[in-house]
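The values are calculated or read from the model by the stated rules, or taken from the named source; none is laboratory data. Being a predicted model, the structure only gives us computed values, none of them experimental. Reconstructed Cβ throughout: ideal geometry from the backbone, glycine too, with neighbour counts over all protein chains shown.
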């Protein structure tokens, strides 16, 4: 199933690249057609599954839906393919962060006198889209041009595949220049796999545009995860930032262990005395008059997995690239007062699974529930490393060998062992003899959960590696 999904993603990426010239892989279309025939038969057989327990029936339905989604992804949808008379420019899409883009676009609109309300920063913070950077920014600027009359409101909604930006304004001019502008923006959006709609109502006009969603970069921080045992080190040369962190952290912890520093050398000395498994460092980037900036300090001290770079320079592409390169998380300083913080009372005593395949994740959930086991699942390794300090070093951790984006379980498990965890397993469908010496791994097992091989009498032992 995983190899099928990986293959489908590669073909889908190829199709996206070919959309600009109207080309489509005939082989992909043929494969999609061939899959649909047996898939139709399987959907027909669903009617005979009513006697199965509901959880097992849902698992089968999810598997069939998953195969159907893969098949549909091989063919272009009417909404995502440019019209035949549209000639798309050879622009390369990339992951774009909506927070700095929308802040600049709306600031420019306000400077022209437009009264516009923007989404909350925490909402924009989680918005990532897959578009060419300069043309997309230009398109947004044009939509907020002089033809738009306020008051106006901008909303943002993210679903599985698309990010929807909705602009509601008091009015939008209806003339040849405005119609030409919207036609131009519509063509660009269709070339990128998005679309644009304009709806005029008696009291307002609504502009609705959608663009492909992108996965957040590795440096993205959706929230802070802390426990009562977490040591928090705050390094910043601005006293007001320390006051904000104190106010935020007091809300969740009565016995917090928070240490404040204005000098990098003091911060460094303290960080070397604390265990890395219970350490979170909130580090300012620009430390005025000091030898090193915050990122340099993090790298010098080896705190990449324990630190978050907190900065007002979050919109610098070079800094984002450096954080991605070194695996350092990045937090916009304006979000210090509003970023969600979640607290755990103690280290979580439960089994951990790092697995990108949703079918395998659902299977583990089902067995864990059946066997009354506590299970925490992470879709990608970065999610686990952000919460590693919440787990006991003796917790059993199961890591898939073949993770998304080319990450290998052997390397991820070694990094987990470097944090001090001692009960680490690899899960795979490959035979054990294919793996070399992995001294930090307790055992290599199959894809089935470790608590028993049956659900209501039916075996779930799939992908067991040979000895």
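Being under 25 Å from residue 122 (Cα atoms) and in contact with a strand residue (DSSP E or B) (Cβ under 9 Å, 6 or more places away or on another chain) is the requirement here; does residue 190 meet it?
So residue 190 does not fit the description; no.
Working carefully through the options 365, 386, 361, find the one that is in the same structural domain as residue 428 (by TED's automatic domain parsing), in contact with a strand residue (DSSP E or B) (Cβ under 7 Å, 6 or more places away or on another chain) and under 15 Å from residue 427 (Cα atoms).
Every option except 361 fails the conditions.
Yes/no per residue for (1) in contact (Cβ under 8 Å) with a residue 40 or more places away in the chain; (2) surrounded by 15 or more Cβ atoms within 10 Å (Cβ to Cβ); (3) more than 18 Å from residue 386 (Cβ to Cβ):
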{"site": "237", "(1), (2), (3)": "yes, yes, yes"}
{"site": "242", "(1), (2), (3)": "no, yes, yes"}
{"site": "258", "(1), (2), (3)": "no, yes, yes"}
{"site": "276", "(1), (2), (3)": "yes, yes, no"}
{"site": "283", "(1), (2), (3)": "yes, yes, no"}
{"site": "303", "(1), (2), (3)": "no, yes, no"}
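Within segment 438-446, is even one residue modelled with pLDDT under 85 and either surrounded by fewer than 17 Cβ atoms within 10 Å (Cβ to Cβ) or in a helix (DSSP H, G or I) (or both)?
Taking every residue of segment 438-446 in turn, none turns out to be modelled with pLDDT under 85 and either surrounded by fewer than 17 Cβ atoms within 10 Å (Cβ to Cβ) or in a helix (DSSP H, G or I) (or both).
Restricting attention to segment 410-418, does a residue exist that is surrounded by fewer than 20 Cβ atoms within 10 Å (Cβ to Cβ), modelled with pLDDT under 85, part of a loop (DSSP other than H, G, I, E, B) and under 28 Å from the mean Cα position of the chain (by Cα)?
Looking for residues that are surrounded by fewer than 20 Cβ atoms within 10 Å (Cβ to Cβ), modelled with pLDDT under 85, part of a loop (DSSP other than H, G, I, E, B) and under 28 Å from the mean Cα position of the chain (by Cα), one finds none in segment 410-418, hence no.
Does residue 309 satisfy the criteria of being touching a strand residue (DSSP E or B) at 6+ places or on another chain (Cβ under 7 Å), in a strand (DSSP E or B), outside the structural domain of residue 424 (by TED's automatic domain parsing) and touching a residue at least 12 places away in the same chain (Cβ under 8 Å)?
Answer is yes for this residue.
Which of the residues spanning segment 90-125 are surrounded by fewer than 19 Cβ atoms within 10 Å (Cβ to Cβ) and assigned to a loop (DSSP other than H, G, I, E, B)?
90, 91, 92, 112, 113, 114, 115, 120
Counting only residues that are over 36 Å from the mean Cα position of the chain (by Cα), over 20 Å from residue 138 (Cβ atoms) and assigned to a loop (DSSP other than H, G, I, E, B), how many does segment 160-186 have?
2
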